[in-house]
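The values are calculated or read from the model by the stated rules, or taken from the named source; none is laboratory data. Computed from a prediction, not measured in an experiment: that's the story for all the values here. Note that we place each Cβ from the backbone using ideal geometry, even for glycine, and neighbour counts take in every protein chain shown. Quick note on the areas: whole protein, heavy atoms, side chains included, nothing else; ligands and nucleic acids left out. Shrake-Rupley method; radii C 1.70, N 1.55, O 1.52, S 1.80 Å.
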Amino acid sequence: MARILLTGATGFLGGAVLHQALSRRDGTEWVCLVRCADAEQGYQRIAARLSRFTDLFTARRLARQVTIVPGDFTRADQDADPRLDDVTHVLHLAADTSYRGEERVFRTNHLGTLALARRARLMPKLRRFLHVGTAMSCGADAPTLVREAPPRPEDRHLVAYTASKAAAETSLAAEFTDLPLVVARPSIVVGHSTLGAGPSSSILWLVRAADRLRLLPTETRTGIDIVPVDWAAASLLGLLLKPDLAHDLYHVSAGEGSLTRWPDLFRAFETADPEGDPRLVDRFDFADRAALRERFAATFGLDTALKHAMLRATRAYYMFCALDFTFANDRLLAEGIAAPPSLPDYLGACLANSTDIVEQFVDDLEMFTASAAAEPLPLTATA
Ligand SMILES: NC(=O)c1ccc[n+]([C@@H]2O[C@H](COP(=O)([O-])OP(=O)(O)OC[C@H]3O[C@@H](n4cnc5c(N)ncnc54)[C@H](OP(=O)(O)O)[C@@H]3O)[C@@H](O)[C@H]2O)c1
């Protein structure tokens, strides 16, 4: 019987994984390492997250099925709680996903992950340690079709967050060869294929803003590698529990087959909003800061601090869109995991329960409130 240690259960992907796994009722035990004062607060935090996927009553009932271990994964190596000893699988999702606070992001994502790995060494029954990285661990200079490969020290990163995730992968591979380590790298997780914006509006606001701005930093015929959270959760569960895997590194991504192509996406917006103007989208040069600022001011206004933060966030995400990366998912599909839907397939569900775009941005606000996010510096993976 599997006994799974989950970090990040109170986050977007963690909530989706836990909701799906607990709804299966297959007898698997879930141990959640949660930042909380005591177990009661931990249950409440997990129930609050699960309630984005189901009604509050069910969410509370499901939350009671997990074992809460209060704690911080970055100090897991000092945690002698015996409930961690019998763990058979680790699903490490927790991370600082902020685009600011370089030192803190490295301390959490790089050094913290190594602390968890040291604790995992003391789990004699451990069969898999699934570390969740990011597809952007490839750095900014990868070829347009990105295939799974270990990070290289010379890779250039646009933000400290992706550099810290690459550094964690590098150190895990070098220092923990004794662990049954597998790395899963999601691309961009947006919405839920049936619950739409209910679980989170993270990055959905950006896609909607691009539609309203009618402006892209890339060829308007290309695409963006987006997957829904329920599919990403199912894929992670597959990689966690499948006894034998062909590889130790997987993209959890749309790949060429399910890529969200911009023309299809804008057609889907037109279908959802037949009264609106035709989507005639302009391309702009990403280096032209004034072009985005002027279009943003004309579309949303720049009259509040929130909108200024949203402009910074739009610029930061557009910087990644301009790379035009597609993350190959052949390895994942070859493990028997079904291809994801593309965003145009479930955009209707996302728009059906969406609020105002600026309000939706609040889901990602924390990542962009410091000025560091406005001017990300090129970093190397070892920075
Ligand atoms: N969402 C995406 O588009 C995407 C794409 C690629 C990769 N990923 C990766 O997928 C993973 C999950 O992402 P997400 O979007 O679900 O992130 P999220 O919503 O920001 O959740 C982050 C989770 O990590 C927990 N956490 C952070 N620091 C912690 C600490 N020191 N100790 C214990 N828990 C801690 C948070 O707990 P609190 O609630 O206590 O803060 C929260 O549960 C991350 O590793 C991320 O890098 C996500």
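The set of residues in segment 1-32 being of a type in the set (S, T, N, Q), over 18 Å from H131 (Cβ atoms) and within 16 Å of the ligand (Cβ to nearest atom) consists of T10, Q20. Annotation note: of R295, R283, the sole residue that is in contact with a Phe, Trp or Tyr (Cβ under 9 Å, 6 or more places away or on another chain) and either of a type in the set (K, R) or exposed (fewer than 15 other Cβ atoms within 10 Å of the Cβ) (or both) is R295.
Scanning segment 202-216 for residues that are open to solvent by 10 Å² or more (accessible area, probe 1.4 Å) and within 12 Å of the ligand (Cβ to nearest atom) returns S202, I203.
Can you find a residue that is in the same structural domain as A166 (by TED's automatic domain parsing), within 14 Å of the ligand (Cβ to nearest atom) and assigned to a loop (DSSP other than H, G, I, E, B) anywhere in segment 83-92? Scanning segment 83-92, I find no residue that is in the same structural domain as A166 (by TED's automatic domain parsing), within 14 Å of the ligand (Cβ to nearest atom) and assigned to a loop (DSSP other than H, G, I, E, B), so the answer is no. Which residues, taken from segment 174-209, are among the aliphatic types (A, V, I, L, M) and part of a loop (DSSP other than H, G, I, E, B)? Those that are among the aliphatic types (A, V, I, L, M) and part of a loop (DSSP other than H, G, I, E, B): L179, V190, L195, A197, I203. Residue-level check: of (1) open to solvent by less than 10 Å² (accessible area, probe 1.4 Å); (2) within 13 Å of the ligand (Cβ to nearest atom); (3) touching a helix residue (DSSP H, G or I) at 6+ places or on another chain (Cβ under 6 Å), D225 misses just (3). Of everything in segment 121-140 that is of a type outside the set (A, V, I, L, M, F, W, C) and within 15 Å of F327 (Cβ to Cβ), the residue that is farthest from the ligand (Cβ to nearest atom) is G139.
Contact annotation: residue pairs with Cβ atoms under 7 Å, 6 or more positions apart or on different chains, pairing a residue in segment 99-118 that is over 24 Å from T88 (Cα atoms) with a partner that is outside any helix (DSSP H, G or I), are Y99/V159; Y99/P376; R100/A370; G101/A370; R104/D96; V105/D96; V105/S98. Every condition in (1) in a helix (DSSP H, G or I); (2) within 12 Å of the ligand (Cβ to nearest atom); (3) open to solvent by less than 70 Å² (accessible area, probe 1.4 Å) is met by R107 except one, and the failing one is (3).
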